[in-house]
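Structure first, commentary second.
The values are calculated or read from the model by the stated rules, or taken from the named source; none is laboratory data. Please read all numbers here as calculations on a predicted model, not as lab measurements. Note: ideal-geometry Cβ built from the backbone for every residue, glycine included; neighbour counts use all protein chains shown.
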Amino acid sequence: MSTSDTIHQEVGLRPDRSVPRSRVNSGDPGVDRRGRSRKAPPFLSYGFRPFFLLGAIYAALAVPLWLWTYFGGQAPSGAFDPLAWHAHEMIFGYLGAVMAGFILTAVPNWTGRLPLSGGPLAALVGLWLAGRMAMFANPEPLSTAVLDLAFPVVLAAAVWREIVAGHNLGNAPVALLLSLFAAANLLDHAVGLAVGLQGYGIRLALAVAALLMALVGGRVIPSFTRNWMARTKRAPLPAPMDHLDRMAIGVTAIVLAGWVAAPDASSVATGLLAAGLLLLARLVRWRGHRTLAEPIVLVLHLGYLWLALALLLMGLSGLAPSSVPVSSAFHALTAGAVGTMTLAVMTRASRGHTGREIVADGVTLAIYMLVTFGALLRVLAPFTADMYAPMLMLSGTAWSGAFALFAVSYGPMLVTKRAA
């Protein structure tokens, strides 16, 4: 696959073709032909570079730290208890970083404006790091909340500014979801002030993540698959978007809103089953089984499969909690769908935007295998008794190992200039 097959060309969102590209292509000596400031070092030239690398490093460290705490080691000294810290940081820490890297890299394609780079990007990275340090070591709840909330609030504001300034309101729903993600972070910090808020922030953040995967994945996965199948002369091609896709997205959005508000309602559980089945039917129409020869395409289908399975498990857990542990359903969404889909995007975008061929080499394939193995064990662990602890250890080792391998193998390309 050619290196032009990147987030910019196939992000699946909505570039505004009516926006003049004069700022990007003006011949300004301070701007290169890709619209990046020549003054910024490579690491700070695009959002995906710092946020994908730091997010991967954080995921590789945070899970072993959580396991150490779970099995009796020293807990973080921050304002959250160990379990709440683990949930908060994997969502608002790790996932927040990857979302920032993805969206900041896509925004210039939507608006025709220059990407956030250099000093402003470094400042945003600094806010993310400050939030992580506060969550780990600051025992004072209010100052921790202020430091942690600064990053998602500023990120959402920056994206809103670019969308409005670029007259690209077609992508306003993405900015709205980022705003909801920031609000979810606030709700999670507010639990200490109102016990009745317990769980709302985490559920809202996961609903935002699930809806983003359903929306964006539903555009890029068939697009990438169609391009690869057309180039390799495979047929039939993925089905085009139609009423089934729109119904799947609509039902998923409504049901996730119900899950945030009333997770224990039987009607919500039934709706989750329906949404999972609709997403599964949608996935089958994209003919992912024909992409076995190219793992960098296949892994996108696997990530979407995890999303459908997660909603099905969440529905089954709501209807029969004694048979399907809620922890399994929760980790199918987080370790499975979020972990797999983010690594799929991180590997693909990193290769494309740094001038590498978009194919899965041996190391990339190992990354996909580790995250899949780790997620599968984490989902199965609550169904076991005597094997729960060793399965937890093995799953955490494999899952975090995938991100450590990404950081080691992709780190050099993220901090250096684009390949010729």
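Please go through segment 252-277 and give me each residue that is under 21 Å from the mean Cα position of the chain (by Cα) and not polar (S, T, N, Q), ordered by number.
ALA253, ILE254, VAL255, LEU256, ALA257, TRP259, VAL260, LEU272, ALA275, GLY276
If you scan segment 182-209, which residues turn out to be farther than 17 Å from TRP85 by Cβ and not in a helix (DSSP H, G or I)?
LEU193, ALA194
Checking the structure you have, find out if any residue of segment 410-418 is within 17 Å of THR340 (Cβ to Cβ), out of contact with any strand residue (DSSP E or B) (no Cβ under 7 Å at 6 or more places or on another chain) and either assigned to a helix (DSSP H, G or I) or polar (S, T, N, Q) (or both).
Taking every residue of segment 410-418 in turn, at least one turns out to be within 17 Å of THR340 (Cβ to Cβ), out of contact with any strand residue (DSSP E or B) (no Cβ under 7 Å at 6 or more places or on another chain) and either assigned to a helix (DSSP H, G or I) or polar (S, T, N, Q) (or both).
Please work out which residue is modelled with the highest pLDDT, limiting yourself to segment 266-323 and to residues that are assigned to a helix (DSSP H, G or I) and of a type in the set (Lys, Arg).
ARG282
Output the qualifying pairs, or none if there are none: Cβ atoms under 8 angstrom, residues six or more apart or on different chains, first residue in segment 322-335 and closer than 17 Å to HIS88 by Cα, second residue among the basic types (Lys, Arg) and in a helix (DSSP H, G or I).
HIS331/ARG378; ALA335/ARG378
At least 3 residues that are crowded, with 17+ Cβ neighbours inside 10 Å, aliphatic (A, V, I, L, M) and at pLDDT 90 or above in each: list the helices (runs of 4 or more DSSP H) lying fully within segment 24-130 that qualify.
Counting at least 3 such residues, we get 48-70, 96-111.
Name the single residue that is surrounded by the most Cβ atoms within 10 Å (Cβ to Cβ) among those in segment 350-390 being closer than 21 Å to LEU292 by Cα and free of Cβ contacts under 8 Å to residues at least 40 places away in the same chain.
Here the answer is VAL371.
Select from segment 324-369 the residues that are among the β-branched types (Val, Ile, Thr), within 23 Å of PHE43 (Cβ to Cβ) and not in a helix (DSSP H, G or I) and list them in ascending order.
Scanning segment 324-369 gives THR354, ILE358.
Could you go through segment 166-189 and let me know if any residue there is of a type in the set (Val, Ile, Thr), within 30 Å of MET314 (Cα to Cα) and touching a residue at least 12 places away in the same chain (Cβ under 8 Å).
The answer is yes, given that some residue of segment 166-189 is of a type in the set (Val, Ile, Thr), within 30 Å of MET314 (Cα to Cα) and touching a residue at least 12 places away in the same chain (Cβ under 8 Å).
Of all residues in segment 141-172, which are surrounded by 21 or more Cβ atoms within 10 Å (Cβ to Cβ) and farther than 20 Å from LEU114 by Cβ?
Matches in segment 141-172: THR144, ALA145, ASP148, PHE151, PRO152.
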